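*Asks:* Right, I'll just put the structure down here and ask away after.
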Amino acid sequence: MQNKYEKMLERKAKIEQRKKELQNQMIGKLGEDIAAKYLESKGYKILERNFRCRQGEIDIIASEGVSVIYEQEKPEKIVFVEVKTRKSVSFGTPAEAVTEAKQKHIKAATQYYLYSKNIKDTEIRFDVIEIYLTKTRYKLNHILQVF
């Protein structure tokens, strides 16, 4: 049986773990916001953010270029973007965190997205945007056609 001190230490550890999880979520959201603004500044149109399904999640879905066919706009290319934000590279670069398993989930989620939106005959691309944060600045690296 745990004494009061052990329970208090256990509770404190859980609180610290939850704080770290929330901080990581905030860092991830900040990175996604930066990436979305960057893509828009480069002429991309953001179609969806944080698309979730059973197969996985896609951070940003954007269109690059638009064709008009029978008075309807159609994206020339749909870009599926994984955003990775880091404060340090002590555990590797952000792009290295996009493992084969993660790629498999992104591809499966992409197939579901295309099916659910009835999108056919449109070129697709998978990009990674790395965001490196410091206290006052950030550096962004857009890697095209990663997988």
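The values are calculated or read from the model by the stated rules, or taken from the named source; none is laboratory data. What you are looking at is a predicted structure, and each value in this text was computed from that prediction instead of being measured. Here the Cβ is made from the backbone with ideal geometry for all residues, glycine too, and neighbour counts use every protein chain on show.
*Asks:* Being at pLDDT 95 or above, within 18 Å of residue 46 (Cβ to Cβ) and within 18 Å of the chain's Cα centre (by Cα) narrows it down to one residue among 82, 64; which is it?
*Replies:* The unique qualifying residue is 82.
*Asks:* Which ones in segment 90-145 are crowded, with 16+ Cβ neighbours inside 10 Å and modelled with pLDDT under 90?
*Replies:* 94
*Asks:* Pick out the one residue from 61, 46 that is among the β-branched types (Val, Ile, Thr), free of Cβ contacts under 8 Å to residues at least 24 places away in the same chain and in contact with a Leu (Cβ under 7 Å, 6 or more places away or on another chain).
*Replies:* After ruling out the rest, the residue left standing is 46.
*Asks:* Keeping to segment 93-147, report how many residues are more than 24 Å from residue 42 (Cβ to Cβ), part of a loop (DSSP other than H, G, I, E, B) and not β-branched (Val, Ile, Thr).
*Replies:* Residues in segment 93-147 being more than 24 Å from residue 42 (Cβ to Cβ), part of a loop (DSSP other than H, G, I, E, B) and not β-branched (Val, Ile, Thr): 4 in total.
*Asks:* Here is a follow-up. Just the residues that are touching a strand residue (DSSP E or B) at 6+ places or on another chain (Cβ under 9 Å), part of a helix (DSSP H, G or I) and surrounded by fewer than 14 Cβ atoms within 10 Å (Cβ to Cβ), please, taken from segment 37-49.
*Replies:* 40
*Asks:* Looking at this structure, is residue 34 touching a strand residue (DSSP E or B) at 6+ places or on another chain (Cβ under 6 Å), modelled with pLDDT of 95 or more and part of a strand (DSSP E or B)? Walk me through how you get there before you give the answer.
*Replies:* Details: touching a strand residue (DSSP E or B) at 6+ places or on another chain (Cβ under 6 Å): yes; modelled with pLDDT of 95 or more: yes; part of a strand (DSSP E or B): no.
When the stated conditions are applied, residue 34 does not pass them.
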